[in-house]
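Once you've had a glance at the structure underneath, I'll fire off some questions.
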Amino acid sequence: ILERRVQKTQKASKADKSLASELEFLKSILATLEDNKCVRTMDFSEDEQTFVNSLNLLTSKPVIYATNVSEDDLADDGESNEFVKVVRDFGATEDAEVVVVCAQIEAEISELDSDEEKIEFLETLGLEQSGLDKLIKSSYALLGLISYLTAGPQEVRAWTVKVGTKAPQAGG
């Protein structure tokens with residue numbers, strides 16, 4: 001898609017010289033992609049970032065890497081696991097967060113009936129929160145979201161809103 005955009009801009013830039021800077025910018029993005037690097041690793045000005053966002057490139061989207069480890073590796077948050085270290089090093093190059101989960105434990109937690117049982121199970125493993133909870137919190141932070149709680153006589157609700165939304169807008 002980007003190559004077609006470059007070709008289209010090249011044709012248009014011959015007729016309109018003001019598109020020359022856009023063409024060079026598109027070529028720099030294409031060069032980054034051809035080097036097997038993600039667009040999110042590039043530095044952009046505010047105007048350039050707006051233009052990149054309009055391209056809807058998958059590699060410009062923020063990322064969270066979730067690593068699945070054994071129960072033994074979960075105790076130290078994957079620090080002793082060499083594969084988690086590789087993922088963390090790679091994530092650091094992209095300014096991406098890495099969340100360590102144990103799918104086996106998550107499956108066991110999902111089979112428990114009450115919240116008390118879940119909390120007790122996590123405590124026996126020496127964990128404060130489940131991997132799913134960590135992933136949800138990271139996702140909210142990455143997307144710039146928070147939960148806004150409202151309470152009335154009949155119900156209490158949680159609304160997902162953007163960070164910085166004022167209470168009247170969030171409640172509406």
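The values are calculated or read from the model by the stated rules, or taken from the named source; none is laboratory data. Values in this document were obtained by computation on a predicted structure and should not be read as measured data. Positions of Cβ are backbone-derived with ideal geometry, glycine not excepted, and every protein chain shown enters the neighbour counts. Heads up: the accessible areas ignore ligands, DNA and RNA and are worked out on the full protein's heavy atoms, side chains in. Shrake-Rupley method; radii C 1.70, N 1.55, O 1.52, S 1.80 Å.
Taking the options Ser114, Ser139, Ser130, Ser147, name whichever one is open to solvent by 50 Å² or more (accessible area, probe 1.4 Å) and either in contact with a helix residue (DSSP H, G or I) (Cβ under 7 Å, 6 or more places away or on another chain) or of a type in the set (Ser, Thr, Tyr) (or both). I'd like the intermediate steps shown before the answer.
Values: Ser114 fails: open to solvent by 50 Å² or more (accessible area, probe 1.4 Å); Ser139 fails: open to solvent by 50 Å² or more (accessible area, probe 1.4 Å); Ser130 fails: open to solvent by 50 Å² or more (accessible area, probe 1.4 Å).
That would be Ser147, the only listed residue that is open to solvent by 50 Å² or more (accessible area, probe 1.4 Å) and either in contact with a helix residue (DSSP H, G or I) (Cβ under 7 Å, 6 or more places away or on another chain) or of a type in the set (Ser, Thr, Tyr) (or both).
Mind checking which helices (runs of 4 or more DSSP H) fall wholly inside the range 41-113 and carry at least 1 residues that are closer than 21 Å to Leu142 by Cβ?
The qualifying helices (runs of 4 or more DSSP H) are 46-55, 82-93, 103-111.
Those residues that are open to solvent by 80 Å² or more (accessible area, probe 1.4 Å) and in a loop (DSSP other than H, G, I, E, B), I need them from the range 150-172; list them, please.
Pro153, Gln154, Glu155, Val163, Lys166, Gly172 - these are the residues of the range 150-172 that are open to solvent by 80 Å² or more (accessible area, probe 1.4 Å) and in a loop (DSSP other than H, G, I, E, B).
Is there a residue being out of contact with any Ser or Thr (no Cβ under 9 Å at 6 or more places or on another chain), surrounded by 16 or more Cβ atoms within 10 Å (Cβ to Cβ) and within 30 Å of Glu108 (Cβ to Cβ) anywhere in the range 41-57?
No.
Please work out if Ala167 is over 24 Å from the mean Cα position of the chain (by Cα), more than 26 Å from Asp76 (Cα to Cα) and not polar (S, T, N, Q).
In short, yes.
Go through the residues of the range 82-95 one by one and say whether even a single one is basic (Lys, Arg) and either in contact (Cβ under 8 Å) with a residue 24 or more places away in the chain or open to solvent by less than 70 Å² (accessible area, probe 1.4 Å) (or both).
Kept after step one, since they are basic (Lys, Arg), are these residues of the range 82-95: 85, 88.
Checking which are either in contact (Cβ under 8 Å) with a residue 24 or more places away in the chain or open to solvent by less than 70 Å² (accessible area, probe 1.4 Å) (or both) leaves us with 88.
Yes - at least one qualifying residue is present in the range 82-95.
Being charged (D, E, K, R) and more than 30 Å from Asp43 (Cα to Cα) is the filter here; which residues of the range 83-124 pass it?
Glu106, Glu108, Glu111, Asp113, Asp115, Glu116, Glu117, Lys118, Glu120, Glu123
Take the range 29-40 and flag every residue that is part of a helix (DSSP H, G or I) and under 19 Å from the mean Cα position of the chain (by Cα).
Val39, Arg40 - these are the residues of the range 29-40 that are part of a helix (DSSP H, G or I) and under 19 Å from the mean Cα position of the chain (by Cα).
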